[in-house]
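Here's the structure we're looking at; comments come further down.
Bear in mind these aren't lab numbers, they're just calculated from the coordinates by the rules spelled out. Note that the coordinates shown come from a computational prediction; the quantities given were computed from them, not determined experimentally. Here Cβ is always computed from backbone atoms with ideal geometry, including for glycine, and neighbour counts include all displayed protein chains.
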Amino acid sequence: MEESTSKEKVLKKVRKALIQKTKNPYPTLDNDSKIYSASDEFLDILFAEEFTKVNGQFVYCENEEECIELLKSLAKEREWDSIHSVDKKINELLEKGNLKFTSSEEDFIKSEVGITFCEYLSARTGSILISSKQASGRRLSVYPPVHITIAYTSQLVYDIKEALTGLKVKYGESIPSMIATITGPSRSADIEKTLVMGAHGPKEIFVFLIDDNS
């Protein structure tokens with residue numbers, strides 16, 4: 001009789017482990033307590049500090065009108081011709097400010113800038129939490145060389161754990177199939193240990209934070 005292949009041996013071990021489950025070696029482990037102590041700083045200040053540390057570009061806006069004006073100034077300065085947005089509310093804001101943008105699938109491949117909302121902002125890590133349930137889907141925050149996130153101060157949480165708890169409350173049993181965190185522009189040092197920006201995503205990331213708590 002032929003000997004089992006390495007793959008078959010591994011599968012046998014897996015099947016055995018599934019049948020003969022071991023007891024939890026840490027039954028009293030506390031999974032609910034917070035790991036990190038909360039900061040005394042305001043969440044918007046903490047987020048701005050951490051976000052800029054990872055080469056993110058932060059813009060504070062007192063309201064939506066100021067956000068659009070600052071976006072227009074930035075677009076003019078950078079000479080952006082192909083801004084892409086598919087979110088209805090963002091499109092309405094851009095239209096109010098007479099800011100040129102595209103939404104069609106045909107224009108997506110040529111887009112220089114993608115504008116999206118987010119689910120939450122994690123202040124402790126300076127991260128943007130996004131999900132596939134958003135109107136922007138999975139691609140718009142990844143493909144264009146520049147990604148702009150429009151967020152509100154009410155979306156600020158201290159850490160990612162709080163953000164995930166918020167998602168559970170928001171979506172219930174219908175949790176998004178993709179939940180991702182963005183912490184600064186894409187970077188990689190896989191090739192000859194040389195840091196390359198934008199290797200697997202945007203080279204630049206902006207957060208325009210609108211104060212909606214006043």
## Note on the structure
In order over the range 81-93: 3J(HN,Hα) from phi, Karplus 6.51/-1.76/1.60, θ = phi - 60°, whole Hz, x for each Gly or Pro, gives 10, 9, 8, 10, 8, 10, 7, 4, 5, 4, 4, 5, 5
### Summary
Sequence order, the range 57-73: Karplus ³J(HN,Hα) from phi using 6.51 cos²θ - 1.76 cosθ + 1.60, θ = phi - 60°, Hz rounded, Gly and Pro as x, gives 10, 9, 10, 8, 10, 6, 7, 5, 4, 5, 4, 5, 4, 5, 5, 4, 5
### Query
What percent do you get for the relative contact order of the chain when only Cα pairs under 8 Å and 6+ apart count?
24 percent
### Message
Straight-line reach from Lys88: which lysines fall under 28 Å, measuring Cα to Cα and dropping same-chain residues less than 8 apart?
### Response
Lys72, Lys76, Lys96, Lys100, Lys110, Lys133, Lys168, Lys170, Lys203
### Query
Based on the Cβ-Cβ distance from Tyr171 to Phe42, what FRET efficiency comes out when R0 is 35 Å, to the nearest 0.05?
0.80
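Which ordering of Arg15, Arg124 is given by a fewest-first count of other beta-carbon atoms within 10 Å? Don't skip to the answer; put the middle values down first.
On the way: Arg15 10, Arg124 18.
The most exposed by this proxy come first: Arg15, Arg124.
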### Summary
Of the candidates Ser85, Gly126, Ile109, the farthest towards the positive dipole end of the range 68-147 (Lys/Arg Cβ +1, Asp/Glu Cβ -1, centred on the Cα centre) is Gly126
### Message
Can you sort Arg139, Arg187 from fewest to most other Cβ atoms within 10 Å of each residue's own Cβ?
### Response
Arg139, Arg187
### Task
Once you have the Cα-Cα distance between Glu92 and Lys34, take 0.36 nm times their residue separation minus that, and quote the gain in nm to one decimal.
17.0 nm
### Query
Among all the lysines, which ones have a C-alpha under 16 Å from Lys34's C-alpha, if same-chain residues fewer than 8 places away are not counted?
Lys161
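Relative contact order, percent, of the range 19-113 when contacts are C-alpha pairs under 8 Å separated by at least 6 residues?
Numbers: 47 pairs, mean separation 20.9, N = 95.
Relative contact order for the range 19-113 comes out at 22 percent.
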### Task
Over the range 67-154, calculate the relative contact order: mean separation of alpha carbon pairs under 8 Å at least 6 apart, over the residue count, as a percent.
28 percent
### Longest segment of the chain lacking chymotrypsin sites (Phe, Trp or Tyr not before Pro) that sit in a DSSP loop with at most 16 other Cβ atoms within 10 Å
43-214
### Stretchable slack from Glu105 to Val54, in nm (0.36 nm times residue separation minus alpha-carbon distance)
15.2 nm
### Summary
HN-Hα couplings for the range 115-129 via Karplus (6.51, -1.76, 1.60; θ = phi - 60°), in whole Hz with x for Gly/Pro, come out as 10, 9, 8, 9, 8, 8, 10, 8, 5, 5, 9, x, 10, 9, 9
### Residue exposure sequence - Thr22, Thr125 - by fewest surrounding Cβ within 10 Å
Thr22, Thr125
### Task
Enumerate the amide H contacts of Tyr120 below 5 Å, restricted to partners 5 or more residues apart or on another chain; note that Pro and chain-start residues carry no placed amide H.
Leu129
## Note on the structure
Any GluC sites (Glu not before Pro) in the range 1-107 that lie in a DSSP loop and have at most 15 other Cβ atoms within 10 Å would be Glu2, Glu3, Glu41, Glu62, Glu79
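Please list, by residue number, every one of the GluC sites (Glu not before Pro) in the range 113-189 that is coil in DSSP and has at most 16 other beta-carbon atoms within 10 Å.
Glu173
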